[in-house]
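Nothing in this text is a laboratory measurement; each read-out follows from the coordinates by a stated rule. This one's a predicted model, so the numbers in the text were calculated from it and none came from an experiment. So basically every Cβ, Gly included, is an ideal-geometry build from the backbone, and we count neighbours across all protein chains shown.
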Amino acid sequence: MVFSHTEGGKMQSDWTVSDSDGTPFTPLVVLELAHDANAEAVQWLLSRIRDKQQDGGSELLVEQLLAGGPDGEKGNPNVLLVGSSLRRLLDGAEDVGLFKEFNDGSMRGFTYSNRDNFKDFQEDGDGFLSVAECQYIIKHELDTLRARDEANVPGYPKAKLYPGKSIIRRLQSKSILLQVFPLHDKEELKRLSFSWYKKVRLSFQPLDVIRHYFGEGLALYFGFLEYFTLAMVPMALIGIPYYLWDWEDYDKYVLFAVFNLVWSTVFLEVWKRTSASLAYGWGTLSRQKAFEEPRAGFHGVLGFNPVTGREEPIYPNSRRQLRIYLVSVPFVVLCLYLSFCIMMVYFDMETWCLALYELEPNFWTGVLLFVPSIIYAVIIEVLNLLYRYAAEFLTDWENYRLESSYQNHLVLKVLVFNFFNCFASLFYIAFVMQDMVLLRQSLATLLITSQILNQIMEAFLPYWLQRRRNKKAHRRLQKVAKKEQELPLPQQVLLESDMSTYLGTFDDYLEQFLLFGYVSLFSCVYPLAAVLVVLNNITEVYSDAFKMCCVFKRPFADPASNIGVWQLAFETMSVIAVVTNCALIGLSPQVKAYFPESDTQLILLVVCVEHILLASKFILAFVIPDVPKPIQIQLARLEFESLEALKKKMRLHGRKSWKPLVPLTSEETRR
């Protein structure tokens with residue numbers, strides 16, 4: 001294999017390797033097989049990746065990395081570097097339904113035959129696709145690489161194959177293929193890091209650059225994080241003077257609760273419009289989702305998929321339902337009961353510390369009052385972490401065919417437990433004990449402690465572990481950097497292969513969901529909650545940006561059009577916030593003073609107001625369109641052009657009736 005580097009070049013894209021036929025290419029994706037992988041299997045995979053598409057291959061460029069690691073240690077010989085020709089990438093962009101900006105400013109599905117009508121396509125199209133898009137296309141082509149007449153993976157008689165089976169997923173499920181990851185572009189990463197987190201400045205995040213490098217899914221998360229933080233600023237600005245004015249009187253929170261109700265509704269409705277605008281500009285709003293393949297871990301008896309007609313594992317839904325209702329649901333209930341028992345122990349500790357303080361009030365007994373809340377906050381984080389592992393095991397055991405189904409059920413399990421574990425004590429204090437002093441103290445302690453622990457777990461701990469694991473590689477990297485030399489490609493690949501794998505935005509959205517809950521549910525009794533969340537999210541932007549650039553492998557782009565199931569989770573929390581804030585208003589002495597003799601009338605009034613507010617919330621959500629009007633017009637225009645082109649096509653074929661069974665390509669629309 002030949003390695004070369006453009007003289008004086010700095011970008012990773014200047015690195016090239018040569019395919020078996022001598023064709024030079026830029027390595028974009030790495031496939032790492034097991035160190036002891038069978039040589040026959042490795043050669044078979046290489047040939048299948050190189051084969052022409054008409055022969056069932058991916059028609060990609062691939063070569064085996066044979067060089068050692070840094071400081072001369074022997075590396076894994078079964079590392080494959082995958083790239084592609086420009087024409088193959090452009091054809092792949094059409095295959096995956098990539099949307100690009102048309103000359104008229106609209107976003108349309110790319111077709112190679114219509115390439116000259118796209119805004120940024122010049123000459124041969126070099127630079128038309130971002131590196132993240134190229135890597136996504138290669139990943140798609142590898143995932144759709146299917147078995148033909150092989151009965152098993154060569155060299156592995158027990159790794160059965162059948163026609164239509166995804167080869168990459170089969171190799172992953174049998175631990176023959178250890179990981180697939182895209183390579184970093186070091187020069188582009190440096191520019192992104194500098195504009196993103198390496199200097200403190202009062203400006204918006206470079207979302208377009210983040211999207212260009214990491215893809216739409218991650219860019220939408222950072223867009224939501226930025227939007228959520230900015231939306232918190234009015235709450236924080238109102239909360240500071242409100243907190244100072246209300247320092248000694250814990251009952252004057254009615255106005256803040258009313259403001260909280262309006263804010264939690266408007267916040268989410270405006271975000272949906274912001275999300276739609278971002279997704280449209282990035283070409284993912286109207287992009288059709290690719291047909292989902294079975295998960296690598298999915299198993300079952302061999303059968304036929306009624307949609308594709310291919311042979312693949314079939315697992316009865318009845319068996320899955322039995323596992324859910326006979327095992328998973330009882331386990332979740334048991335965990336909730338355990339969490340409730342721990343909460344009651346926490347209240348016993350609070351009672352004991354309060355009694356001790358009343359018996360002997362001094363500085364140390366005053367400090368002791370905060371100890372139970374701090375211990376309980378730490379226990380909450382530990383329980384959430386342990387439950388997360390158990391939820392992943394159960395969801396995997398339930399054996400979902402699709403990754404989307406797996407993620408939805410995992411999110412549901414985790415949200416139910418995290419909501420109860422984090423907020424049950426606050427609900428108990430507010431509505432059973434009705435102790436607003438203790439509620440304010442507990443909320444402040446839980447919020448501050450959880451934020452400190454999250455920053456340690458999400459930023460400092462992964463970076464520390466990464467530094468320990470790659471100590472030699474980092475020393476080598478520093479030596480090369482001091483000499484102003486480029487790290488050789490084999491060592492760069494080895495360095496990145498040892499970095500931690502980014503597991504997606506699940507934990508990041510979960511943290512924001514819990515923070516949103518603390519603010520929307522109970523911040524009326526502790527107005528500084530919004531201030532703490534703003535400060536946390538500012539540091540969160542920098543810590544998340546740092547770990548994406550320095551701690552984790554580069555993830556594949558995710559062409560997301562919204563934040564998915566998390567939108568529903570936040571909207572559900574906002575509905576609960578309406579009920580909670582109405583109940584807190586009903587418990588305030590100002591409102592109770594109007595009903596000195598009848599609690600029933602007060603309850604009926606609170607319930608009536610709560611229903612009116614919920615109705616207003618749903619009406620507001622209905623009135624405010626999720627997609628801005630100009631974007632609606634653009635989408636409707638494209639749909640109209642597609643239908644007109646379909647009618648024309650049917651007339652050319654001499655048919656009087658037609659059914660729009662499949663969407664038209666941009667070329668058909670143009671004609």
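Quick rundown of the values:
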{"read-out": "Packing-based ranking, highest mean first, of 213-219, 52-58, 574-580 given that Cβ atoms within 10 Å are counted", "value": "213-219, 574-580, 52-58"}
{"read-out": "The chain pair-distance distribution - Cα-Cα, 10 Å bins, rounded %", "value": "3, 12, 21, 24, 19, 12, 6, 2, 0, 0"}
{"read-out": "C-alpha long axis of helix 329-359 to longest principal axis of the chain, angle in °", "value": "40 degrees"}
{"read-out": "Cα→Cβ-extended label distance, 7 Å offset, between residue 233 and residue 119, nm", "value": "2.7 nm"}
{"read-out": "Subset of 52/119; 119/139; 198/547 violating a 24 Å alpha-carbon distance limit", "value": "52/119; 119/139"}
{"read-out": "Degrees between helix 371-397 axis and first principal axis of the chain (Cα, 0 to 90, nearest 10)", "value": "40 degrees"}
{"read-out": "Length released on extending from residue 649 to residue 416, taking residue separation times 0.36 nm less the Cα-Cα span", "value": "78.8 nm"}
{"read-out": "Fraction of beta bridges assigned by DSSP in the chain that are antiparallel (%, nearest 5)", "value": "95 percent"}
{"read-out": "Computed E for residue 374/residue 432 - FRET, C-beta separation, R0 22 angstrom, nearest 0.05", "value": "0.50"}
{"read-out": "Relative contact order of the chain, defined on C-alpha pairs under 8 angstrom at six or more residues apart (%)", "value": "18 percent"}
{"read-out": "Residue 95-residue 501 pseudo-label distance in nm [points 7 Å out on the Cα-to-Cβ vector]", "value": "2.3 nm"}
{"read-out": "Residue 593 versus residue 363: modelled label distance in nm, points set 7 Å from Cα along the beta carbon direction", "value": "3.9 nm"}
{"read-out": "On Cα atoms only, tilt of 471-482 relative to the major axis of the chain in degrees", "value": "70 degrees"}
{"read-out": "Interchain or long-range residues, amide H under 5 Å from residue 500's placed H", "value": "553"}
{"read-out": "Gain in span if fully extended, residue 262 to residue 572, counting 0.36 nm per residue against the direct Cα distance", "value": "110.1 nm"}
{"read-out": "FRET efficiency for residue 226 and residue 149, using Cβ-Cβ distance with R0 set to 51 Å, rounded to 0.05", "value": "0.50"}
{"read-out": "Set of the range 430-459 residues, backbone N closer than 18 Å to the point 7 Å along the Cα-Cβ line of residue 356", "value": "442"}
{"read-out": "Gained length - residue 389 relative to residue 402, 0.36 nm times residue gap less alpha-carbon distance", "value": "2.7 nm"}
